[in-house]
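Reading through the structure tokens given below for one structure.
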Amino acid sequence: KSPAWQVVNTSSGGSSTIRATATNASGNVYMAGRFAGTTARFGPITLTNTDSYGNISDSLVAKVTGTENTGQLTWVQQTGGAGNDRIQAPGINGTSLHVAGTYNSTSPTFDNLTFASTGPSSNMFVTKLTDTGLSGSLNWAQQGGQGIGYVNVLAVSGTKLYLAGEFYESMATLGTTSLTNANPSTNDIFVAKRTDMGTAGSFTWAQRAGRTGREGA
């Protein structure tokens, strides 16, 4: 039996986009995306944009509890600041949910943590949440690197996180590793490994790929 379609999201004065999803063995669905506009409604939950005019995008991650014939939105976490923010890469391992994204605002907040900008360019962030059933509890959230345009993929294997995306400046920094672009006017690919240490995380290694044209991962 096919479930009935449900309206999950409406946005006031803007638009909303789900960029990626991940599922676990229990059939729960985790969505990552962003919204613009003054407010966005996800089922019974209403999010308010950090910009009162709704001209910039805030990012979000949400859980839909799934059964055979229905899906119920359970919780939504939002992050945002004075500039555009996006989450595009969720990864689930048991009750641990890791999400990665980028921001170009000076002081975006995720739950009760505020990031600092490391420059005028986009910065990457990685967060870990524990799905407690009815909420997503933040374990840690850290800046991951400057000069990262997009984080498009995140895969989780135990305590190991693998990320892939694009950087577009002359150099991008992930942890203690600096990656040099073959052509700063276009995008190069990066792949990185990050280790989850429970209450924190750190980069183990990072590599780039690309020539003088544009590459994407």
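Some observations on this one:
- Hits in segment 21-49 (condition: open to solvent by less than 80 Å² (accessible area, probe 1.4 Å), part of a strand (DSSP E or B) and of a type outside the set (Lys, Arg)): ALA22, VAL29, TYR30, MET31, ALA32, GLY33, PHE35, THR39, ALA40, PHE42, ILE45, LEU47
- Going through (1) polar (S, T, N, Q); (2) under 26 Å from GLY158 (Cα atoms); (3) at pLDDT below 90 one by one, SER96 falls short only on (3).
- Screening segment 99-112 for residues that are of a type in the set (Gly, Ala, Ser) and not in a strand (DSSP E or B) and picking the one that is modelled with the highest pLDDT gives SER107.
- Looking across segment 52-82, the residues that are outside any strand (DSSP E or B) and under 17 Å from THR102 (Cα atoms) come down to ILE56, SER57, GLY81, ALA82.
- Test: residue in segment 164-178 that is within 19 Å of GLY80 (Cα to Cα) and free of Cβ contacts under 8 Å to residues at least 40 places away in the same chain: no
- Consider segment 182-194 and keep the residues that are open to solvent by 40 Å² or more (accessible area, probe 1.4 Å) and in contact with a strand residue (DSSP E or B) (Cβ under 7 Å, 6 or more places away or on another chain). The one that is nearest to LEU97 (Cα to Cα) is VAL191.
- Looking only at segment 122-158, and only at residues there that are within 19 Å of ALA172 (Cα to Cα) and hydrophobic (A, V, I, L, M, F, W, C), the one that is most open to solvent (accessible area, probe 1.4 Å): VAL153
The values are calculated or read from the model by the stated rules, or taken from the named source; none is laboratory data. Fair warning: this is a prediction, and the values are worked out from it, not measured in the lab. Note that we place each Cβ from the backbone using ideal geometry, even for glycine, and neighbour counts take in every protein chain shown. These area figures cover heavy atoms from the full protein model, side chains too; ligands, DNA and RNA do not enter into them. Shrake-Rupley method; radii C 1.70, N 1.55, O 1.52, S 1.80 Å.
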